[in-house]
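Student: My questions all concern the structure below.
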Amino acid sequence: MINIVGTLGQSLFSGFCMLILASMMSALLYPAFQIFNHRLSIGNQTLTTLCYTLIAPLSVILALVVLTHPAIAATVVYTHCHDNSCAPHVPAPIISSSTGAVLVALAVVIALIVVYFMSRTLQSARRRQMYLDAFSKPSKQVSKQPFAHYRLIESEDLAAWCAGFLFPVIYVSTGLVKKLTKLQLHAVLAHEYGHVARRDNLRKLLLTWG
């Protein structure tokens, strides 16, 4: 049991370290990726950005699978020996040492903190959108144009924004609708629908935690 816990703890700690390094590399290469991504259509930009943000965690998962499964590790790591050991590279339990126990505990605590703050962020966003839906109503405009579909919030402030990660919704204040002409309102809604089409809220969330 101790060996299993030790191996799991070391795997978590190794994965966390690799995730930090992979995320740093992704962040450093992101400007170069953006140059390539801007040449694509809006729909493809969203897909490629999502794939780019998943590279770091998927790479870490793949590395951990390879390291913890000798049969797989033997196919990608060339045969060599360390002292009298010629077995594939597999993380060894370190829970038996005080330093290893501290590292394992640290990895578990950090992982729990990250999961906690991620869940708080998602819950807060979901609660905020529930409030927005409760205090808003669908626009009365009836049109085949996609920009005619949004929700109105009774407010004299001039505001328009989109909320939601998987299914974003456009919200517009009544003050803004009264202030703008139809053409100006159409331009504002087109801008907001650009955020919806690119799934900017989801991309921002993935880039923040990736």
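Student: Being open to solvent by 20 Å² or more (accessible area, probe 1.4 Å) and of a type in the set (A, V, I, L, M) is the filter; apply it to the stretch 177-194 and report the residue that is nearest to Ser136 (Cα to Cα).
Tutor: Ranking the candidates gives Val177 first.
Student: Mind listing just one residue for me: the one in the stretch 118-149 that is at pLDDT below 85 and assigned to a loop (DSSP other than H, G, I, E, B) and, of those, most open to solvent (accessible area, probe 1.4 Å)?
Tutor: Out of the qualifying residues, it is Lys144.
Student: So the check is Cβ under 8 Å with 6+ separation or different chains; which pairs have a first residue in the stretch 120-140 that's touching a residue at least 40 places away in the same chain (Cβ under 8 Å) and a second one that's among the small types (Gly, Ala, Ser)?
Tutor: From residues that are touching a residue at least 40 places away in the same chain (Cβ under 8 Å), the pairs are Ala125/Ala163; Ala125/Gly164; Gln129/Ala163; Gln129/Gly164.
The values are calculated or read from the model by the stated rules, or taken from the named source; none is laboratory data. Here the structure is a predicted model, which means the values were calculated and not measured. We place every Cβ from the backbone using ideal geometry, glycine too, and count neighbours over all the protein chains shown. Only protein heavy atoms, including side chains, enter the accessible area calculation; ligands, DNA and RNA are left aside. Shrake-Rupley method; radii C 1.70, N 1.55, O 1.52, S 1.80 Å.
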